[in-house]
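Read through the structure below, which is laid out as structure tokens, and then see the notes.
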Ligand code: 13P
């Protein structure tokens, strides 16, 4: 039985003062026993997470990582630096990074590799655009995104990643994939991993992201291949985020 995992992706939101209220609210209200939860925050606030969340049931992580270990890469953050601040998770290849920072499937794969090398759990994000879905290319697109990662990882490493399916057309739009539609893509992704390693596929947590909210979380999380959520907007309010965590529980 795979544990459920709910991760809040704060994107570029927050301040020291607001984060403090939000983090304390999440810690105080998290009563989940069978589900794990984490927040992925803007990197300047990782030290704050370490101070506020250490010893709690809430893990934390970053939203991006460099593919390189160290050196002349202005503005980048090495996986070892994230590790220094106690991160457990790092998002790799979120669609906003793919779109606005031109991250290719290959670069996302290198970042995933770098995260694993430093002992972090990469949360590899895949998802199709509306045009791709309407053209019937959803599985082709997400499977190519996943394949680039499979190509650079050996089997033991493959067992340590988390996958997130986030249809781009559902992010921040209020349009959620129906549970059946999300399940279909999750099952296709798991099958693709199973072709390489049935053991890794059986363990793999595949999160759904895209307008997941307290009102729709339960139905999505009831699907056999949906192992949790990657939450944007609803992760910025402790009550909403906790309602999703408890639905997963
Ligand atoms: P929303 O929940 O705001 O749609 O964002 C989803 C997302 O992109 C999480 O990474």
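The values are calculated or read from the model by the stated rules, or taken from the named source; none is laboratory data. Nothing here was measured: the structure is a model prediction, and the numbers come from that model. Here Cβ is always computed from backbone atoms with ideal geometry, including for glycine, and neighbour counts include all displayed protein chains.
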Exercise for the section: Please state which one of 164, 131, 114, 109 is more than 24 Å from residue 45 (Cα to Cα) and in contact (Cβ under 8 Å) with a residue 12 or more places away in the chain. Expected result: 109
Handout entry: Condition check for residue 127: modelled with pLDDT of 95 or more and more than 16 Å from the ligand (Cβ to nearest atom)
Key = no
Practice task
Give the number of residues within segment 50-107 that are surrounded by fewer than 19 Cβ atoms within 10 Å (Cβ to Cβ), within 16 Å of the ligand (Cβ to nearest atom) and outside any loop (DSSP other than H, G, I, E, B).
Solution key: 3
Handout entry: Exclusive hit being in contact (Cβ under 8 Å) with a residue 40 or more places away in the chain, farther than 18 Å from residue 95 by Cβ and not in a strand (DSSP E or B), set 185, 142, 193
Key = 193
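Which is modelled with pLDDT under 95 and either within 11 Å of the ligand (Cβ to nearest atom) or not in a helix (DSSP H, G or I) (or both), of 164, 217, 177, 235?
177
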Fill in the blank from the handout: Note on segment 1-48: residues more than 14 Å from the ligand (Cβ to nearest atom), crowded, with 17+ Cβ neighbours inside 10 Å and assigned to a loop (DSSP other than H, G, I, E, B) are 14, 30, 32
Completion exercise
Considering residues that are within 16 Å of the chain's Cα centre (by Cα), within 14 Å of the ligand (Cβ to nearest atom) and not in a strand (DSSP E or B), the number found within segment 201-214 is 4
Practice task
Would you check which residues across segment 220-232 are away from the ligand (no atom under 11 Å from the Cβ) and under 16 Å from residue 175 (Cα atoms) and list them?
Solution key: 220
Completion exercise
Over segment 144-181, the set of residues crowded, with 18+ Cβ neighbours inside 10 Å, closer than 22 Å to residue 104 by Cα and touching a strand residue (DSSP E or B) at 6+ places or on another chain (Cβ under 9 Å) is 145, 146, 149, 161, 162, 163, 164, 165, 166, 167, 170, 171
